[in-house]
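Heads up, the thing below is written out as structure tokens.
The values are calculated or read from the model by the stated rules, or taken from the named source; none is laboratory data. Remember, it's a predicted structure, so these values are computed and weren't measured experimentally. Counting neighbours? That spans all protein chains shown, and the Cβs are built from the backbone with ideal geometry, glycine included.
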Amino acid sequence: MAAVTIPALQKMKAEGIKISMTTAYDYPTACLVEKSGIEIILVGDSLAMTVLGMDSTVPVTMDEMIHHIKPVVKGAPTPLIVGDMPFGSYQVSPEEAVANAIRLMKEGGCDTVKLEGGSDMAPIVKRIVKAGVPVMGHIGLTPQTVSMLGGFKVQGKGEAAAKVLLQDALDLQEAGAWGLIIEAVPENVARLITEKVTIPTIGIGGGRHCDGQVLVFHDMFGLFDKFLPKFVKQYAQLGEQIVAGLETFKDDVRESRFPEEKHVFGGVTEEELKRLY
Ligand code: KIV
Ligand code: NA
């Protein structure tokens with residue numbers, strides 16, 4: 001299959017074909033997503049929590065993001081790879097934002113970057129796009145600034161807040177963003193935005209009318225049990241299956257049921273062995 005491109009995704013929106021996106025943070029996961037035909041992989045800063053055990057996405061660094069983007073690029077040649085810009089890497093100055101976006105693409109190897117924020121971030125988005133790095137926006141619930149939002153809760157409730165969100169989307173589009181993540185927003189507000197912009201909207205807790213959907217891999221497969229938001233659909237409970245497998249392994253070892261004959265090596269005869277005793 002040919003590699004997924006940004007124009008191809010924009011064409012999918014125009015034709016009403018829904019886009020799917022998930023996260024991956026390492027080579028084996030990327031290989032699995034590659035086989036699935038899913039169009040977009042996000043190497044999300046959610047890796048701070050799902051694979052690095054941090055309490056939020058705030059502490060993750062540029063070096064850590066690049067470390068995780070590289071193996072995903074190796075494992076998934078077909079999907080579009082989005083590298084998440086970590087907190088602090090694009091807020092200080094436009095120059096720093098451009099330099100860090102270039103680093104993610106050049107050192108990590110991703111096709112495009114994503115950053116959180118609405119109208120306030122539009123000038124930054126514009127600068128990065130001008131430098132030749134495609135940018136995806138992320139509006140609604142933006143986990144990097146969750147303490148300012150007052151917790152992990154639905155954004156854009158009520159007419160005034162919905163109006164601000166729509167303006168965020170329009171400003172990001174105007175700044176040159178090629179697509180938008182819409183997180184934890186009332187379904188009808190996400191639909192309004194999806195109809196008002198020409199770039200693809202990918203929802204996560206954004207309801208049924210976005211141009212596509214994204215879920216965090218570890219949430220989909222029961223591999224992260226700190227909390228499970230309402231918008232997650234779990235497609236398998238691999239966490240429980242893995243624990244059961246580990247318990248069986250432990251019992252097998254304790255009871256000498258593993259290894260079996262088929263798992264062991266020969267190479268010295270009993271006669272030869274006798275002489276060594
Ligand atoms: O980091 C991430 O996984 C994200 C998704 C929730 C969109 O930003
Ligand atoms: Na993120």
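Restricting attention to the stretch 194-214 and to residues that are within 17 Å of Gln167 (Cβ to Cβ) and touching a Ser or Thr at 6+ places or on another chain (Cβ under 6 Å), the residue that is farthest from ligand 1 (Cβ to nearest atom) turns out to be Thr194.
Annotation note: of Ala177, Ala190, Ala184, the sole residue that is at positive phi and in contact with a Gly (Cβ under 6 Å, 6 or more places away or on another chain) is Ala184. From the list Asp63, Asp55, Asp84, the lone residue that is within 30 Å of Met148 (Cβ to Cβ), in contact with a strand residue (DSSP E or B) (Cβ under 8 Å, 6 or more places away or on another chain) and of a type outside the set (A, V, I, L, M, F, W, C) is Asp84. Restricting the stretch 170-192 to residues that are farther than 17 Å from Val135 by Cβ and of a type outside the set (Gly, Ala, Ser), the residue that is nearest to ligand 1 (Cβ to nearest atom) is Val185. For the stretch 102-136, the set of residues classified as crowded, with 21+ Cβ neighbours inside 10 Å and within 12 Å of ligand 2 (Cβ to nearest atom) consists of Val113, Lys114, Leu115, Glu116, Met136, listed by residue number.
Within the stretch 25-41, the set of residues being within 16 Å of Leu223 (Cα to Cα), in contact (Cβ under 8 Å) with a residue 24 or more places away in the chain and surrounded by fewer than 20 Cβ atoms within 10 Å (Cβ to Cβ) comprises Asp26, Pro28. Please enumerate the residues belonging to the stretch 243-264 that are surrounded by fewer than 11 Cβ atoms within 10 Å (Cβ to Cβ) and either in a loop (DSSP other than H, G, I, E, B) or touching a Ser or Thr at 6+ places or on another chain (Cβ under 6 Å) (or both). If the condition is that a residue be surrounded by fewer than 11 Cβ atoms within 10 Å (Cβ to Cβ) and either in a loop (DSSP other than H, G, I, E, B) or touching a Ser or Thr at 6+ places or on another chain (Cβ under 6 Å) (or both), then Glu255, Ser256, Pro259, Glu260, Val264 are the ones that fit.
Based on what the data block shows, is Lys153 modelled with pLDDT of 95 or more and in the same structural domain as Val51 (by TED's automatic domain parsing)? It is false that Lys153 is modelled with pLDDT of 95 or more and in the same structural domain as Val51 (by TED's automatic domain parsing). Looking across the stretch 110-145 at every residue that is of a type in the set (Val, Ile, Thr) and either within 16 Å of ligand 1 (Cβ to nearest atom) or not assigned by TED's automatic domain parsing to the domain that holds Lys70 (or both), the one that is nearest to Ala97 (Cα to Cα) is identified as Val125. Exactly one residue out of Ser56, Ser36 is within 16 Å of ligand 2 (Cβ to nearest atom) and assigned by TED's automatic domain parsing to the domain that holds Glu116, and it is Ser56. Just give me the residues in the stretch 64-104 being over 14 Å from the mean Cα position of the chain (by Cα) and either of a type in the set (A, V, I, L, M, F, W, C) or on the phi > 0 side of the Ramachandran plot (or both), in sequence order. Once the filter is applied, which keeps residues that are over 14 Å from the mean Cα position of the chain (by Cα) and either of a type in the set (A, V, I, L, M, F, W, C) or on the phi > 0 side of the Ramachandran plot (or both), the stretch 64-104 yields Phe87, Gly88, Val92, Ala97, Val98, Ala99, Ala101, Ile102, Leu104.
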